[in-house]
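Single-structure report; data block below.
Values quoted throughout were computed directly from the atomic coordinates according to the rules given, and no laboratory measurement underlies them. Note that this is a predicted model, so its numbers are computed, not measured. Virtual Cβ from ideal backbone geometry, glycine too; neighbours counted across all protein chains shown.
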Amino acid sequence: MWLKLAILVLMLAILVSLFSGLFFLVKDTNGSGRLVTALSVRISLTVLLVLLLVFGFWTGQLGWHTPWLK
């Protein structure tokens, strides 16, 4: 249960970082580097999300619920 909640929170944080990067792309004209920071945060969060997914499948907390794999 906690793993699924952590995955959901990370996905929401990735969306927030995505839209903050879009905002900085449109509004930031002085070249302060906030766009690069938003991209770095988004990449870090995505790597953490992938690692959590791998951990969930490896430990069995997440599973495939497709009829063709049964």
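Computed quantities for the displayed model
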| read-out | value |
| --- | --- |
| Acute angle (nearest 10 degrees) that the helix 34-59 long axis makes with the longest principal axis of the chain, alpha-carbon atoms | 10 |
| The chain, helix-only ellipticity at 222 nm - DSSP H runs n ≥ 4, -39,500 (n - 2.57), divided by all residues, nearest 500 | -26500 deg cm²/dmol |
| Spin-label model distance (nm) - Leu25 vs Thr66, 7 Å beyond Cα toward Cβ | 3.1 |
| Helix axis angle, 2-27 relative to the chain longest principal axis, alpha carbon, degrees | 20 |
| The chain: relative contact order in percent, alpha carbon pairs under 8 Å with at least 6 residues between | 37 |
| For a label point 7 Å along the Cα-to-beta-carbon line of Trp2, residues of the range 19-50 with backbone N under 18 Å | 49 |
